[in-house]
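The values are calculated or read from the model by the stated rules, or taken from the named source; none is laboratory data. Owing to the predicted nature of the structure, the values given are computational and were not obtained by experimental measurement. Cβ atoms come from the backbone with ideal geometry, glycine included; neighbour counts cover every protein chain shown. Keep in mind that these areas ignore ligands, DNA and RNA; they rest on the heavy atoms of the full protein, side chains included. Shrake-Rupley method; radii C 1.70, N 1.55, O 1.52, S 1.80 Å.
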Amino acid sequence: MALRTRPDGGKPLNPSDRGKSSSPTDGAKPRSRPHRGKSRPGPSAAGTRLWTWLMIPGTLWMTAFLIASLVLVAALAFGTTDPLGNPQFGLNFDNIAAMAEPVYRAVLLRSLGYALLTCAICLLVAYPVAYAIALHGGRYKNLLIAAIVVPFFANYLVRMYGWSVVLSDDGPLLRTLRATGLADGDAKILQTGPGVVAGLVYGFIVFMIIPLYAALERMDVSLIEAGRDLYGGPLRTFFFVTLPATRQGAAAGCVLVFLPAMGDFVSAQLMGGPDQIMIGNLIQDKFFQGQNWPLGSALTMLMMAVLFVGMIGYLRRTRKDEAEAVR
């Protein structure tokens, strides 16, 4: 009897096998079921545990020397002093009530005004610098950034002393202005409010340049080209394309400048007078010269409250921008 061959070229069919079905998987071994035992931790889990262990020393350090010190300052704000000027813990609200006095309120508002003005000036000065380096620096970007950052590695107090020499009555700046007729013989910069703001700008402007440079460096340059086609002039392109794209960098720079400028006391001490003292000078005086640590602690908590409000506003704005970016 002749055997018929299968169309697919397989084993010939036997007449006795006509009732049996055949499939391509005939003869294949059954697949083994996956092992459901305990899986080994992957790299992500191991990495998470590693970072957790690495964070423990820093967390303990911050808890012991930062959070604990803030708790002590907050508790001391309700304390008193003995006849010898030694601080004593207690429950006295006189220091808190003293914050409403006109002299302390004036110093706080002056410090707030100086810090906000410093942020505005730093933003106006730093943005063109960061823009030029990020978009037109070419292969010299890193060198230009280093030329700006490296001088700020010097001690802050030393830089402020040098800046006070530049702004002094016989310094190079006023001599040049008098020689060109832009200032008279009685003009002065030190012992004035503009002198204090100039010191704050010089001390903290690098904290504005770096975030702006990072934001401009991350920005897609094609957006500027598309903005020029859409809005036409470079000024409209800047306000409608470049500035919104770097808004987070500008906000970060303002926070980094505002926080230290609000509590600074070196600039007001070297370049200001009695009418230009800031809240940092007042806190220093209460802790060292006045020997009134409870009142100095109350002033510290007042300044911290103002800084906390600024940080909350920045974080809320950042979260809103991130939510809009996700959409």
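Checking the structure you have, find out if any residue of region 155-167 is farther than 24 Å from ALA251 by Cβ, modelled with pLDDT under 90, out of contact with any Leu (no Cβ under 6 Å at 6 or more places or on another chain) and not in a helix (DSSP H, G or I).
Yes, there is a match, as at least one residue in region 155-167 is farther than 24 Å from ALA251 by Cβ, modelled with pLDDT under 90, out of contact with any Leu (no Cβ under 6 Å at 6 or more places or on another chain) and not in a helix (DSSP H, G or I).
Considering only residues that are under 30 Å from ASN155 (Cα atoms) and open to solvent by 10 Å² or more (accessible area, probe 1.4 Å), which ones fall in region 216-262?
GLU217, GLN248, ALA250, ALA251, ALA252, CYS254, VAL255, LEU256, PHE258, LEU259, PRO260 - these are the residues of region 216-262 that are under 30 Å from ASN155 (Cα atoms) and open to solvent by 10 Å² or more (accessible area, probe 1.4 Å).
Restricting attention to region 130-172, which residues are among the polar types (S, T, N, Q), farther than 20 Å from ASP264 by Cβ and open to solvent by less than 50 Å² (accessible area, probe 1.4 Å)?
Listed by number, the list is empty, since nothing qualifies.
In contact (Cβ under 8 Å) with a residue 40 or more places away in the chain, over 22 Å from ASN281 (Cα atoms) and surrounded by fewer than 20 Cβ atoms within 10 Å (Cβ to Cβ): is that true of LEU123 in this structure?
Yes: the conditions hold for LEU123.
Scan region 279-305 for residues that are open to solvent by 40 Å² or more (accessible area, probe 1.4 Å), closer than 24 Å to VAL196 by Cα and in contact (Cβ under 8 Å) with a residue 40 or more places away in the chain and jot them down.
Answer for region 279-305, where residues must be open to solvent by 40 Å² or more (accessible area, probe 1.4 Å), closer than 24 Å to VAL196 by Cα and in contact (Cβ under 8 Å) with a residue 40 or more places away in the chain: MET301, LEU302, MET304.
Hey, among the residues in region 72-98 that are open to solvent by 90 Å² or more (accessible area, probe 1.4 Å) and in a helix (DSSP H, G or I), which one's nearest to PHE288 (Cα to Cα)? Reasoning before the result, please.
Pass one, region 72-98, residues open to solvent by 90 Å² or more (accessible area, probe 1.4 Å): 72, 83-84, 89, 91, 93-94.
Add one more test, that the residue is in a helix (DSSP H, G or I), and what stays is 72, 94.
On the way: LEU72: 17, ASP94: 20 Å.
The extreme case among them is LEU72.
Under the condition of being under 23 Å from SER111 (Cα atoms) and polar (S, T, N, Q), which residue from region 162-209 is nearest to the chain's Cα centre (by Cα)?
The qualifying residue nearest to the chain's Cα centre (by Cα) is SER164.
Being under 19 Å from MET262 (Cβ atoms) and out of contact with any strand residue (DSSP E or B) (no Cβ under 7 Å at 6 or more places or on another chain) is the requirement here; does ILE121 meet it?
yes
Exactly one of (1) open to solvent by 10 Å² or more (accessible area, probe 1.4 Å); (2) in contact with a Ser or Thr (Cβ under 7 Å, 6 or more places away or on another chain); (3) not polar (S, T, N, Q) is unmet by PHE265. Its number?
(2)
From the list ALA98, ALA75, ALA120, which residue is touching a Phe, Trp or Tyr at 6+ places or on another chain (Cβ under 7 Å) and modelled with pLDDT of 90 or more? Please lay out each step first, then the result.
Numbers: ALA98 fails: modelled with pLDDT of 90 or more; ALA120 fails: touching a Phe, Trp or Tyr at 6+ places or on another chain (Cβ under 7 Å).
After ruling out the rest, the residue left standing is ALA75.
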